[in-house]
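Heads up, the thing below is written out as structure tokens.
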């Protein structure tokens, strides 16, 4: 395609006219070229028209090339079969509704989609994802919330969502977000997507979707692999597999190699496990302290929530978000028996001595690693005075 485009670009008006006169001399139509002759004028008109057409076609072919086109709508159509453009996402956080000091306690119903916002003339607004009750014998309650608008602008710092419109109805309550909001993302432009795919080969068998299909055919779950493009340069891909044996690992490699595209270089590795020790502190309100049996039951529920989170939320190469884990446990334990108002998670250490690198509440790992829980410590605190 590129060579054909280059040929068309070289066929300008002068080149076409010279070629026509040369052919006329070879066929004996003319002996010499006279710029005032009738046939020369005919050829000149023909050369101008077709030179213009060649230029238009060459420009169109240039714009149709994924690597060169500057038309975003056209580029979006071209990349659609090969890679999915990242959509904008809302941000999420946990809101803390707290009873003001010095007011007479009463039950306060906090409805779903209640709006809380930042300070200023152009506030960023979040809405509660669930309805909750701040009971008269409770001091505070935690409610998950999401941003009204999409985009990374909504990834707010902690303690910035402190205002709401219904101040008269909720005069007894103040609100804040004790944790930073996370997950908000801007919509990716077609040009951003092109940068992300770079010069990756677009032939059959080289796209992420086709590689995923091959892995699914080998009974590898969505959480059991990670695909890393450009691992060894353009046109290469790393396939990291979370499998239980080397025999299974090599069987999958053989199956993929028999079907893969010859234009792409495949690298393979087995997932490296990073085991972490986790300390979970749960604070709850009770009229009477739990019995040892009830306390043990709650601790088992906490551990089950953690295991479900790692099984269904963490895949190969996935960072561990402490804030997301806290929110998951809080929602998993939402039950009339458990009046839980706070969950605090701390990553203590890793079994294989990998460096614990917490950045914005996230435990970073390599793209070929997968995090699993090792030891889960649980502490349940009762507070009868709130």
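Derivation of every value follows stated rules applied to the coordinates shown; laboratory data play no part. Only a predicted model underlies this, so the values are computations on that prediction, with no experimental measurement involved. Cβ: placed from backbone, ideal geometry, glycine included. Neighbour counts: every protein chain shown.
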How much length would be gained if the chain were fully extended between residue 36 and residue 77, taking 0.36 nm per residue of separation minus their Cα-Cα distance, in nm to one decimal?
9.8 nm
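Sorting 228, 316, 49 on the 10 Å Cβ count, fewest up front, what's the list? Walk me through the numbers on the way to the answer.
Details: 228 18, 316 26, 49 12.
Taking fewest neighbouring Cβ atoms as first place, the list is 49, 228, 316.
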Cβ-based exposure ranking for 259, 48, in which fewest neighbours within 10 Å come first:
259, 48
Ranked list, fewest to most other Cβ atoms within 10 Å of each Cβ, for 269, 240:
269, 240
Let a ≥ b ≥ c be the square roots of the eigenvalues of the Cα gyration tensor of region 90-176; is it rounded (a/c under 1.5), or, if not, prolate (a/b larger than b/c) or oblate?
prolate
Cα-based Rg of region 244-331 per 2.2 N^0.38 Å, rounded to two decimals?
1.71
